[in-house]
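In what follows, a structure is listed as structure tokens, so that the remarks can point back to it.
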Amino acid sequence: MTEPSDRADFEAQLDEYRQHNEFSELPGLDVSMWSEDVVFHDDLSEVRYYNPIFIDHRIDNPSRFRFLMVILFFFHNVSLLTLLWGLFTGKDFSFGEVLFLMICPAFAWVLFLAEWFGARTGGVRFNRQAQMVHIGQVGGAISVPWKSVKPFFNHGVHGGDLRLFFPWPNVMIKHDGTKENFRYKDDKKPLTIYGAMDWRDTGIDGSLLRLEFYRRFMEEGFEAVQPNPEKVETSAIRPPSEVQQSQPEHGVLLHWILTPIAKLGSILAGGPLIDSFLRKQAQKFKWPEEIERLCSPGADLSGIDTTPVKPRKDIFYRPCGLDGIELVNARGQRIG
């Protein structure tokens, strides 16, 4: 399997993020969330992506940037229609007007190409059986030990999100089964995985819940991340999606008025066509046979440390919204 790069380099990279105002380090794998605060909403019934051996980040679903891309393509189409109207009616556009009308199309295609590249590259797979995380790359995949993760919270747009940092591996497994030396062009920063799987994974509370989701799955298994019917209503349990799905309980204005308007705008922007194209690109991605072997029942894992990371039993953390987290002891009493 792939070997991580120098640990000292990784710590130096992390120190830069620790000093960055936009990032906060989150508890490591040795500290778990207080059990009363753990609430999962994910419908994990799609066994192709979610099962006792591995959990995938689905790349065939629209990303969090879909709404922005649809807006840009809506104005993209309006701009092109305006230019065509001017061409057929003989209207003379100034250079400034033409430049203004081309800005949205340019941004729309830049975002589309970024989504297209991401769909072709592949996703992320959390392999509990091998205690590894596999990351798709152009031409193959790289793997890193789950125990080497350092979780951080990014105080960015949309309330912030979860970032999982790993040391860079130095070997990539290619699709033909061979291995080659791997060096990422921007390896002065740690290997970064965006942790969000669902639109609810924003803000510090959502990010901590998703971190606990990964931690529990990799330590305890598939059953440990199933929704608890005593805490979650059946209507709130849905397949993970970075795009929020409107439901009747969201209210008349959102579900029956704004959502149909948004769907109409999406159709005019070519949203269904864009989704179909990106979905087909994502379906072309295949994991290398070596990765699939490691994700098969009863795989030979000789030479791989498959021991799950066990959390402490004396210290836990609790999400506190904008105040971050607080540490508590085994009786739930605040520490410090």
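Nothing in this text is a laboratory measurement; each read-out follows from the coordinates by a stated rule. The shown structure was predicted, so the numbers you read here are calculated from the model rather than taken from an experiment. Here the Cβ is made from the backbone with ideal geometry for all residues, glycine too, and neighbour counts use every protein chain on show.
Data for the structure
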quantity	calculated
Segment Ala224-His41, extension gain: residue separation times 0.36 nm, minus the distance between their alpha carbons	64.6 nm
Dimensionless Rg over Rh [the range 69-116; C-alpha; Kirkwood]	1.05
Between 0 and 90°, nearest 10: helix 259-269 axis offset from the chain longest Cα axis	70 degrees
Sorted peptide list for 326-333, 115-122, criterion being average Cβ within 10 angstrom, highest first	115-122, 326-333
Environment charge of Leu164, counting only residues whose C-beta is closer than 14 Å and scoring Lys/Arg +1, Asp/Glu -1	+3
Computed lengthening from Leu273 to Lys189, 0.36 nm per intervening residue step minus Cα-Cα distance	26.7 nm
Principal-axis tilt of helix 271-283 within the chain, Cα atoms, nearest 10 degrees	40 degrees
Cα-projected label distance for Phe88 with Ser235, points at 7 Å along beta-carbon direction, nm	4.7 nm
Exposure proxy order (Cβ contacts within 10 Å, fewest to most) of Trp146, Trp287, Trp34	Trp34, Trp287, Trp146
Choice from Cys295, Cys320, Cys104 with maximal GNM fluctuation in the chain (Cα, 10 Å cutoff)	Cys320
Of Lys188/Lys280; Lys189/Lys310; Lys150/Lys189, pairs whose Cα-Cα distance is over 24 Å	Lys188/Lys280; Lys189/Lys310
Distance between the range 190-214 and the range 100-175 - C-alpha centres, whole angstrom	13 Å
Pairwise label distance in nanometres, Glu11 with Trp199, each label 7 Å out on the Cα-Cβ vector	4.3 nm
Three principal axis lengths of the range 21-143 [C-alpha, angstrom, descending]	68, 35, 29
For the chain, size of Cβ-based charge dipole, Lys and Arg +1, Asp and Glu -1, in debye	460 debye
Cut-off 15 Å (backbone N to label point 7 Å along Cα→Cβ of Lys147), residues of the range 211-239	218-220
Computed lengthening from Phe65 to Ile315, 0.36 nm per intervening residue step minus Cα-Cα distance	86.3 nm
Distant-in-sequence amide H partners of Ser32 (H built 1.01 Å from N, under 5 Å)	Arg312, Tyr317
Using a Förster distance of 41 Å, the FRET efficiency for Glu22-Asp300 (Cβ separation, nearest 0.05)	0.45
Label selected from (1) 22.3; (2) 23.1; (3) 19.9, the criterion being Kirkwood radius over Cα pairs in Å as computed here	(1)
